Structures are given as C-alpha cells and as structure tokens.
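The values are calculated or read from the model by the stated rules, or taken from the named source; none is laboratory data. Computed from a predicted structure; not experimentally measured. Cβ: placed from backbone, ideal geometry, glycine included. Neighbour counts: every protein chain shown.
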Amino acid sequence: MERDKKMIIEGIVVHGRGIGKLVGSPTANLGELRSTEIPAPGVYTSLIFWNKQIYHGITHIGKRPTVDTDENISIEVHFFNFSRDIYGDIIRVQLYTKLREPQKFSDLTALLNQIRRDCIATRKFFGINDLSPALYMDINKHLAIVGKAEVFLSTKEFDILYLLYSNPDITYSKEQIYEAVWHECSNGCFHAVENTIFQIRKKIRPHLNGTDCIKTVVGYGYRFLKS
C-alpha cells in the first residue's frame, strides 16, 4: 500500500448509475464538491463524516472503465455497515492510504472480488475487528471456513453469504440481495434468494452445532449473526 498524506474532500451526495448496488457494494457518489483540490486518482482507505457520526470505508477517485466508457472523473465512497439513503446530504471524507490505482477488470465478478480485497485491507489498516470469529470467507477460493472445516459454496451462495457477513450490522431486504448477487432488477421475484439462503444454511449449520449464521427478518429479508 502506498502511504499518502491525509486529505479531506467534501461534497453533496448525488444519484449515480446504480452500478454499486448491482455488484453488492453500494456507494455514495459525490457531485458538487466543496473542496478546492481533487486528490490523484486511486482507491483510498477513508473515514467518512456524516450526521455527526464517523464511518470507515473506501473511496474510489477516477474513471470507471469496467462498468462504462465515461471519461469523466467520479468520486465514489463506500461505507462499511451502512445502508441509509443520504442523497442530497453533505459528507466529508478524509483520505488516508492509497491502496491501488483505478483499473479495468474483466467482468463484474472480478471487480467485486477486488472491492472485497480493498475492504479487507482497509479493515486491517484501521484495526477494525467487526467480522465473525466463527467464520472466515476465502475470496480467492470462494469458500467458507468454519472452525477447521472448509465449506464449498456455489458462486451465488458465496456472494450472498459474503454480502451479509461483511456487513453484520445491516439487515438486507430480499430485493437488495437479489440485485447485488444477480446484477439485475428483481421484479418482485425472490424465490432464488430464499432457495439460496436455504442451501447456505444447510451447508453451514452442521459446523455451527446446528445453529444458524443467517437470521430471517420476517417480512423483510436477512442479516448475519456474528455469534
């Protein structure tokens, strides 16, 4: 990781193209900036200040060659454990370490895996330890490790479990899960989500003494149980 001097940018959150939520990593797009200087392109570890609260996250500054051909520079901020609608609000972002340069990936899956690695590096940088000690998700092998057992998951199973696991304070609706994992609008059809959650529980439960790591929030969706 490249050490970079701290810099603060401030701006108004505007509507983006919705690409972030379709790869399971919703972002706040900054439109009108109140900062006079824009940092060099890159992906940075960040602290985000909103509504008198401080959040950890990553900030992408630069073009987005994987998802569009737009030549404009965009500033996208990804909060950890956050799912509020803050369009029109002002946020202040303090940049710390530059993790990498913006780059083009072969597909959305490769992009999502890199975002996951960026988030892991940021948690390590800030010393954040908010993930379950009972479960480890291997991004490279797409499997879950419970104790000493390796639990192999399908791509969709892994993506759903990782989405919930990496945001343990958030309850996701079935619609949010579908859009994040299937990369398309749900149109009100959630059977695929429900069936995949069933399969995850079936595979993981025997290694957790029969308990579940995913809680059903009746009438809404699911969230991850850290213990």
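Looking only at segment 89-147, which residues are surrounded by 18 or more Cβ atoms within 10 Å (Cβ to Cβ), closer than 23 Å to ALA28 by Cα, more than 14 Å from the chain's Cα centre (by Cα) and not polar (S, T, N, Q)?
If the condition is that a residue be surrounded by 18 or more Cβ atoms within 10 Å (Cβ to Cβ), closer than 23 Å to ALA28 by Cα, more than 14 Å from the chain's Cα centre (by Cα) and not polar (S, T, N, Q), then ILE91, VAL93, LEU95, TYR96, LYS98, LEU99 are the ones that fit.
Consider LYS141 carefully, then state whether it is under 18 Å from PHE79 (Cα atoms) and among the basic types (Lys, Arg).
Judged against the criteria, LYS141 is not a match.
Are there any strands (runs of 3 or more DSSP E) wholly within segment 136-227 with 2 or more residues that are of a type in the set (A, V, I, L, M), at pLDDT 90 or above and touching a strand residue (DSSP E or B) at 6+ places or on another chain (Cβ under 9 Å), and if so which?
Qualifying strands (runs of 3 or more DSSP E): 143-146, 214-217.
Name the residue, out of ASN209, ASN129, that is without any contact (Cβ under 8 Å) to a residue 24 or more places away in the chain and farther than 30 Å from GLY42 by Cβ.
When all the criteria are applied, what remains is ASN209.
All but one of (1) modelled with pLDDT under 80; (2) among the basic types (Lys, Arg); (3) farther than 23 Å from ASN167 by Cα hold for LYS63; which doesn't?
Only one criterion in (1) modelled with pLDDT under 80; (2) among the basic types (Lys, Arg); (3) farther than 23 Å from ASN167 by Cα is unmet by LYS63, namely (1).
Under 8 Å between Cβ atoms, which residue pairs at least 6 apart in sequence (or on different chains) link something in segment 213-227 that is under 17 Å from PHE158 (Cβ atoms) with a partner that is β-branched (Val, Ile, Thr) and surrounded by 17 or more Cβ atoms within 10 Å (Cβ to Cβ)?
CYS213/ILE204; ILE214/ILE197; ILE214/ILE200; TYR222/ILE177; TYR222/ILE197; TYR222/ILE214; PHE224/ILE214
Could you check, for segment 9-26, whether at least one of its residues is modelled with pLDDT of 75 or more, among the acidic types (Asp, Glu), more than 20 Å from PHE125 (Cβ to Cβ) and surrounded by 12 or more Cβ atoms within 10 Å (Cβ to Cβ)?
Yes, segment 9-26 contains at least one residue that is modelled with pLDDT of 75 or more, among the acidic types (Asp, Glu), more than 20 Å from PHE125 (Cβ to Cβ) and surrounded by 12 or more Cβ atoms within 10 Å (Cβ to Cβ).
Looking only at residues that are buried (at least 17 other Cβ atoms within 10 Å of the Cβ) and among the hydrophobic types (A, V, I, L, M, F, W, C) in segment 183-207, which one is farthest from LEU143 (Cα to Cα)?
This residue is VAL193.
Kindly evaluate ILE170 against the criterion of being touching a residue at least 24 places away in the same chain (Cβ under 8 Å) and under 19 Å from ILE120 (Cβ atoms).
Spelling it out, ILE170 is indeed touching a residue at least 24 places away in the same chain (Cβ under 8 Å) and under 19 Å from ILE120 (Cβ atoms).
Given the residues LEU108, LEU95, which is the only one that is at pLDDT below 85 and either under 27 Å from THR171 (Cα atoms) or hydrophobic (A, V, I, L, M, F, W, C) (or both)?
LEU108
Confirm whether PHE80 is of a type outside the set (S, T, N, Q) and within 17 Å of the chain's Cα centre (by Cα).
The answer is yes for PHE80.
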